[in-house]
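The values are calculated or read from the model by the stated rules, or taken from the named source; none is laboratory data. In this text, all values refer to a predicted model and were calculated from it rather than measured experimentally. Ligands, DNA and RNA are stripped out before the accessible areas are found, and what is left, the full protein with its side chains, is counted by its heavy atoms. Shrake-Rupley method; radii C 1.70, N 1.55, O 1.52, S 1.80 Å.
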Amino acid sequence: MTTRVAVIDVGTVTARLAIADVESDHVARISRRSTIVNLGEDVDKTGVLKETACERLLTGIDGYLAQIAQA
């Protein structure tokens, strides 16, 4: 039986999406996408995430969720 899975990875600079079909020990990548969100913008100076950086991340994730829904 094949299961389609999606993974979103959020990092300091990029957010990534991977969609794959998994069957037993075999993984077949269907889609891969990376978006620069720069979540860590000025965090070294302020110690907090900027609202604009969070908005970029959420916009990117919204796009990923739309792509996942179509997969």
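Please compute the per residue accessible area over the chain with all protein chains in place, 1.4 Å probe, rounded to a whole number of Å².
Values: 5020 Å² over 71 residues.
Dividing the accessible area of the chain by its residue count gives 71 Å².
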Which of (i) 5.3; (ii) 4.9; (iii) 5.6 is the computed mean projected area of the Cα convex hull in nm² for the structure on display? (i)
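In whole percent, and with a 1.4 Å probe on the protein chains, what portion of the accessible area of the chain is carbon and sulfur?
54 percent
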